[in-house]
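Working notes, beginning with the structure itself.
Nothing in this text is a laboratory measurement; each read-out follows from the coordinates by a stated rule. These numbers come from a predicted model, not from an experiment. Positions of Cβ are backbone-derived with ideal geometry, glycine not excepted, and every protein chain shown enters the neighbour counts.
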Amino acid sequence: MVTWIVLGLVVSALLVLALAVRPVLVRLPGLRRAAVALQRRQAEAEALRSAAEVLQERAAALQERAAVAQERMALIKVRRVR
């Protein structure tokens with residue numbers, strides 16, 4: 001008799017545990033898809049960051065070249081005035 005009561009309690013506890021775990025297990029595929037999408041976005045963000053760094057370096061180089069060109073133009077104007 002005690003064995004049946006203990007067995008019933010164990011089975012009911014396992015049933016409650018299974019019912020509690022079920023919603024989590026149902027969401028796992030969706031969570032996996034979301035994780036894959038986040039990883040893809042992270043890779044895209046890294047690529048964009050790298051491209052932005054390259055563009056920033058190019059912009060700095062162009063700015064330097066523009067400053068040199070401006071100095072040369074000023075020298076040419078001074079030479080023309082003389």
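Remarks
- Among the residues of this structure, Glu46 counts as one that is surrounded by 10 or more Cβ atoms within 10 Å (Cβ to Cβ), part of a helix (DSSP H, G or I), within 15 Å of the chain's Cα centre (by Cα) and not hydrophobic (A, V, I, L, M, F, W, C).
- From Val21, Val26, Val10, residue being over 25 Å from the mean Cα position of the chain (by Cα) and loosely packed, with under 10 Cβ neighbours inside 10 Å: Val26
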